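I have placed the structure first, in the form of structure tokens, so that the comments after it can refer back to it.
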Amino acid sequence: MSKKVLLLAGLLVVACCITQPHKESQFQKEPVTVSQRSIISLDGEWELLTVKGDLDFKQTKKKAASWEKIQIPHYLWVDKDLHKAWYKCTFSGVKAPKTVLAFDSVNFKCIIYVNDQFVGEHTGGYLPFEVDITDYIQETNELFVGVEDVTAVLKEEAMPDFLDGPQDSILYPVGSGYHIFGIWQSVSIKTYPSVYVEDVFVKTFYRTKMIELEITITNQDKTQRMVKITNQVLNEFEFSEKEITLKASETKVVILTREWNTPVLWSPENPHLYYARTSLVENGTVVDTVDTRFGFREFWIENGKFFLNGISMNVRGSSKHLLGDPWTGDHKNDAEETVTRVKAVHSNALRLHANPYPEVFLDTADEQGVLIIDESALWCLSSQYDLGSDEFWKNAQEHIKTLTKRDRNHPSLVIWSVENEILLCGGDHENRCTSELIHLGDIIKQLDPTRPIMYEGDFDLPNADVINVHYPHEYPEWNVFPNEAYFLDKSATTDIYPHKQFLWDRKKPLYIGEFLWIPVFTPHPHAIFFGDKAFTDHELYRSKAKGEAWKMYIEAFRSQGVNGYCPWNVLEGGDYPTPLSEALDEVFQPFFGFIKEYSTHFFSGQGIERTIVVCNDTYERKEVTVTWSTQQESGESTLVLEPAEYTEVKIRVTAPYVEEIGSFEFSVSIVYDSEVYEIKEVYKVFPREKVTLQGKIALYDPVGETKKILDENKITYELVDTLSVSSEYDLLIIGYHALQKGDIPTVGDPLNLYFQGNILCFEQETLSPFGLSLTDHKASITFERTPVFNLDETDLRYWQDNNLVSKNDIAKPGSGTYLPLIDSGGSGGLEYVSLLDYYHEKGNIVFCQLLVTEKYNKEPMAHYLFQKVMEYALNTKWSPKTLGVIGPSEFLDSLNVEYEKAHDFAYDVIVVMENVDPEELQTFVYKGGVAWLHGLKPSRISEIIDVRFEPVTYMGLPVVVLEDGLTRGLSNQEFYWTEEGTRWWVPLSPDIAQYYISGTGTPLTDPCILLKVNYGKGVFIIDTIQWEHNSMQSARIVSVLLTNLGIHINPPGAILQAETMDIEDVYLGERGRHFYAFYTEGYLGASVNFVHSGVYTFRLYAWADMANNEGAVLELFIDKESVGKIEVTTAGVYTLECSVQKGVHEVGIAFINDYWDPPEEDRNLYVDKIEISYKQRRGISFLIC
């Protein structure tokens, strides 16, 4: 109900002029006779009957016993078995020249009967309408309202979940609240006199100091009437009177203006409200009076900026979404709670998203000083809307008109959002869509020329006053922070609509209407910010990661002068405080400052440049003093900031001189008025020490960058011109960018050509000669997976110069004798390695993608790790052990594990997968052996060692890896699997492990599904992991554990990343960050050099969307000749073997059984990579950095 208070002249019916509380109010018990205007609330107790089939009024009347009592407002949830319902009540009659039933909103169609007579119907949702019942009113009345859900606005019957339903079927804007239906807002009886005020539109103009009233008056009488119009702003002044004559059934619009030099302005800081009283006087008698609430303010755009009452301002936006929102029916309380939460995080604006909201939301914003962006119900459903039909656009136009007229007197409303993402979601498939959207915008401008318009998410249409873009540059697809946040500094292609290069020219305001929603339902992307912690509590770290990204983006937007921005969505996540609310509580403060640079490590005596960004989003001019200090230096700058202005203060300090690693504090105080905004940071400082290395060193360095560093530090080495050097050296160093890019992958033991000792390979652009795959992944935040260098959390993030710590990171191997030492996250989780320890029998190899060479003289940690990585590569020794296997060995075979079938206990390690003699096994372990028990029944294990088992039944509990020598290099991510038969990632479930383990021993995971038990001089290892249920994850778990036990695993000779292969004949597909998605049948190919003729193993990492109870069939080709097929279901490693002749051949994969039966069935294939191994070789392993 709007804040128009409707007064009755000559009658004391004040109680009728006030909307009663939703749940407490009851019907008027006695008939009321009026000659003028009144409102009687019908909110309160009604009765409800849900029905199947048609809304048959006569049949409904007969079902006296089936009704249930409910309270209006009331709504029902759309369900496949529930589409229609009847509501009924009784009310006392009201006799007047015109009596109407007034509904604030009914979703989505209703038919109305009064006293058994059909009186009208209405189709649409969210907005008010009236039905004239003057001719049907009696002293006591019975009202029936039949309602139908969203299926009523379809061209043909469809399931309620029509997001996947028929295309071109919806004929009305339905918004995102399509999941509810019913009489979900207030109902009342309204009476009008014969001549009445139909509408008053109050326009205020700050720049000209004028107020204008646009008054619509209707004569519903059958004779001509003459009335005098009087207007006043209560407690302020009166307008000149105006006399008009209206013919029978005529409506006229009267415009009155006057000057107003000293109004109290409405603003967020002072939401002052006035009432304009409009009265109609006929023959000296007041026949109608309407009070219209308004605020005196003007919002406009000038020189690409927003202005409110002459003050430049920026919009720090928030948004509410009806989709899935559990409405209470108490809209006033909902509105007050929403506005309170918005203001609590310093947001100054609320977008009523995806459809019109109950008007009390705008009333509350008027009263509490929150700006409103008001949006129609034309939301997202571009393929389902019948965008090619005249009927749809006619209905959309009526919807827009009703919304504009309802809300245009609210001073809080500053921008109209014509629609949401219609073009972004594919609306431009219909040629007329864009022009029709523009026409809707023109309608708003015609009905309300006082406010700007924009098209949420649909960029910059010709009549848009504001550029609006959604999700232009999104985490986690972009992961180098804070760099990604500053994407507006240069021309960039938007991630989604309009998918084109965009460089903001500042001629129009830019409003980033939605960003950083991050609609992912696994923890993997949040490893970008939090590494393996992300897998310990998905919801917590999702919010924390969003909060971190929000802060960085908003800092960037504020420092770039972006006019408005709305992170998606602060109202999610439950009661405050949340990580999201805490983030906004910091960066949404009206007066805000931050240090632009993120680096925190400096050399002794280094000059440090800091940029202090100061933003004034208050509504006042501020005189500001910026002071800064370290233990040695201090300084001060003064400046003046106008509203919505920002500036940068450049500061240069010197790091203290130190002889050992230390720290110092850098403090900034920003003083304005009597307030102090403080920033404190602790920086590390490092001495410039010489790099040392003892041993006989060979250096292969065609580029010469690594040689410069070794020469500078007087390190002795011998320069070699080949990788095939003798074993007399302690370490072979392969210098920065020494390997030639462009070589095709080689398989067939190329590493046997190289040095058979320890190798250190600094940053490269290719590692294909070593059977490893480099990616285009860069990282500004990395994590020490295996503690080696005693680093803290700040050491591996935000290195000087450009924040990068690594680039061209290595795709984490799926198997092999490896330990990830330093890794980083992307959209698929911790899939990238910048320091990886890969072992072989005669040494280890270190490939370093950390930028230790590139940033040696710029970043102290690069300098420090250059030394530490060389020491590690020189001194690390691996002691290979022998492995015997008792039981089925197919899984270990798929990993290329080196083992023998055990017929006795003459091995260092034995994997036991079938029953053995308990006493013999105990003796083997007691004397120093290692026995890994896998796949045995719990009762058999308990006969061997004192442990207990409990079935795993609870899904959702994350598995946390505990620190131990056996778990070095293992991450929590390895225990976050896809649910069997799906591609959805889940934490612990019976698909991952059958039993929890307890008893004497050391748990290696929490909860314990992997246990180590010391027994005599040896060790029992017990796991209950379902290796076969997810071979991709299990391969890594088993590989890391075997590596830590000293067991050799032959690595693949070549890795083909599917997303980098050549595409042929794929109608619809997508290159992901770490996979290729086949949405239709097609073929990928790539050339591979096979060194030997013989049998090769192809391990395909893949998963599928199943359809028609079948998985996706993947076919493998050599030179376009089929060599095998496999059915891909859940995520896993699928193995094929075939003979290949020596030489270069094209390896191809194809998806060959696409199936599509919408809306439910759609078979797709996803391929991560192909690992190719020469079956008759003993491989080596690598250490990679």
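Any read-out appearing in this document is the output of simple, stated calculations on the displayed coordinates, not a laboratory observation. Model, not experiment: these values are computed from the prediction. For neighbour counting, all protein chains shown are included, and Cβ atoms are generated from backbone atoms with ideal geometry for every residue, glycine included.
Structural remarks
- Each principal axis of the Cα cloud of the stretch 883-1045 was taken in turn, and the coordinate range along them, longest first, works out to 43, 33, 27 Å.
- In degrees, nearest ten, helix 331-344 long axis to first principal axis of the chain (Cα): 50 degrees
- Relative to the dominant Cα principal axis of the chain, helix 390-407 is inclined by about 70°.
- Which listed pairs, of 109/332; 58/84; 714/741; 252/401, have C-alpha distances above 22 Å, in listed order: 109/332; 714/741
- Cα centroid separation - the stretch 797-852 against the stretch 1049-1115, whole Å: 23 Å
- Residues with amide H under 5 Å from that of residue 977, placed H, sequence gap 5 or more: 986
- Computed over the alpha-carbon pairs of the stretch 195-299, the distance histogram in 10 Å steps reads 15, 46, 26, 12, 2 percent, short to long.
- The C-alpha atoms of the stretch 1054-1184 occupy a region whose extents along the principal axes are 49, 32, 24 Å, arranged from largest to smallest.
- Hull shadow area, averaged, the stretch 314-588 [alpha-carbon convex hull, nm²]: 14.2 nm²
- Counting every alpha-carbon pair across the stretch 89-140, the share separated by more than 18 Å comes to 31%.
- Rounded to the nearest 500, the 222 nm mean residue ellipticity of the chain from helices alone is -4000 deg cm²/dmol, with -39,500 (n - 2.57) taken per DSSP H run of at least 4 residues.
- Overall dimensions of the stretch 422-504, expressed as equivalent-ellipsoid semi-axes from the Cα gyration tensor (√(5λ), whole Å, largest first), are 28, 15, 9.
- Taking 32 Å as the limit for the C-alpha separation, the pairs 203/247; 500/708; 544/690; 622/858 exceed it in the case of 500/708; 544/690; 622/858.
- Label-to-label distance for residue 344 and residue 663 is 3.2 nm, based on points extended 7 Å past Cα in the beta-carbon direction.
- Residues 1138, 761, sorted so that the one with the fewest Cβ neighbours within 10 Å comes first: 1138, 761
- Residues 332, 1169, 52, sorted so that the one with the fewest Cβ neighbours within 10 Å comes first: 52, 332, 1169
- Rg(Cα) / (2.2 N^0.38 Å) computed for the stretch 697-875, rounded to two decimals: 0.97
- Each residue of the chain gets 196 Å³ once the volume of the Cα convex hull is shared out per residue.
- Remark: the stretch 1068-1124 projects, on average over all directions, an area of 5.3 nm² (convex hull of Cα atoms).
- Spatially proximal aspartates and glutamates relative to residue 507 (Cα-Cα < 14 Å; intrachain offsets below 8 disregarded): 302, 460, 465
- Using all pairs of distinct alpha-carbon atoms, the Kirkwood hydrodynamic radius of the stretch 516-609 works out to 14.9 angstrom.
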